[in-house]
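The values are calculated or read from the model by the stated rules, or taken from the named source; none is laboratory data. Small disclaimer: the values here were computed from a predicted structure and weren't measured. Cβ placement follows ideal geometry from the backbone for every residue including glycine, while neighbour counts extend to all protein chains displayed. Only protein heavy atoms, including side chains, enter the accessible area calculation; ligands, DNA and RNA are left aside. Shrake-Rupley method; radii C 1.70, N 1.55, O 1.52, S 1.80 Å.
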Amino acid sequence: AYEGGVAFTHDFGPLKLAARSILFGTHVDRDLIFSQSEGRNVIGGGTTRLGWIGQARADGDFFDTNVALTLTKSAYDDTGLLVPYVPDVVLRWDGAVHGELPFEVASRRPRLSGGFGVSYIGARALPYGQRSDTIFTVDAGANVGYRNFELGVSATNLFDTAYRQVEFNFPSDWQGGGAPTLVPARHFAAGAPREIMFSLSANFGGESK
């Protein structure tokens, strides 16, 4: 395995920036590959994976945001076919804002914070030369605090996107009777639906800042 890259950081006072770019490569002569028929990882042939990672972060007085992108090509050494279940693209973007509200309640200003996260997973190679669907989800949350108390709400898969968490191709027959088909069919496990959670916290050790 090998990797190399460059990094940049600079403090502009009210704004801090950081970024990095990394190229990497790995070679395994006997890789562990998930077998959909065995339902577990099995020892396969040699694989080579080449890729790039890019990451950047901006941090200010009232906000913080970070984005990371990974591009990967993973293939078998003998056939050149893509290794199943490895995504070509993975993107994650997180952002948050925070600060005090511009008014007072009983001589104290309420505090407000909010954040979001965006995930994108590109199409993954599947057996028999097929490709999976992409995955795109958004998470978000917000908190309001006053003195020693804080009320929060958070949501995963905010837009209730229907997506396939994992996908497999293998023969199956649910009809019953007669000779079962041996033609591979697409099977998948559904991703988690939208979930909304509320929280209420109290700090007895002193007023939160």
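Under the criterion of Cα pairs below 8 Å and six or more residues apart, the relative contact order for the chain equals 12 percent.
Given a Förster distance of 41 Å, report the FRET efficiency between Trp174 and Phe204 from their Cβ-Cβ distance, rounded to the nearest 0.05.
Working: r = 57 Å, r/R0 = 1.39.
For R0 = 41 Å, the calculated efficiency reads 0.10.
The stretch between Leu69 and Ser154, if pulled fully straight at 0.36 nm per residue, gains 28.2 nm over its current Cα-Cα span. Per atom type, region 111-209 shows carbon and sulfur on 63% of its accessible surface, probed at 1.4 Å.
Highest mobility in the GNM of the chain, judged by mean-square fluctuation with C-alpha springs under 10 Å and restricted to Asn148, Asn66, Asn157, is found for Asn148.
Fully extending the segment from Met197 to Thr48, taken as 0.36 nm per residue of separation minus the present Cα-Cα distance, adds 49.4 nm.
Against the set (i) 29; (ii) 35; (iii) 42, the structure's computed percent of Cα pairs over 32 Å apart falls on (iii). The distance between label points at Ala106 and Thr79 comes to 6.9 nm (points 7 Å beyond Cα on the Cα→Cβ vector). Peptides 160-170, 81-91 ranked from most to least packed give 81-91, 160-170, packing being the mean of other C-beta atoms within 10 angstrom over each peptide's residues.
For region 141-207 and region 57-82, what is the separation of their Cα centres, given in Å? That distance is 22 Å.
Springs join every pair of Cα atoms under 10 Å in this Gaussian network model of the chain, and among Ser21, Ser154, Ser199 the largest mean-square fluctuation is at Ser199. For Arg164, the amide hydrogen comes within under 5 Å of the amide hydrogens of Gly191, counting only partners 5 or more places away or on other chains and with H modelled in the peptide plane.
Leaving out ligands and nucleic acids, note down the accessible area per residue over region 1-124 with a 1.4 angstrom probe, in whole Å².
Numbers: 7750 Å² over 124 residues.
That works out to 63 Å² for each residue.
Taking a point 7 Å from the Cα of Asp11 along the Cα-to-Cβ direction, the residues of region 50-67 with backbone N closer than 19 Å to it are 57-65.
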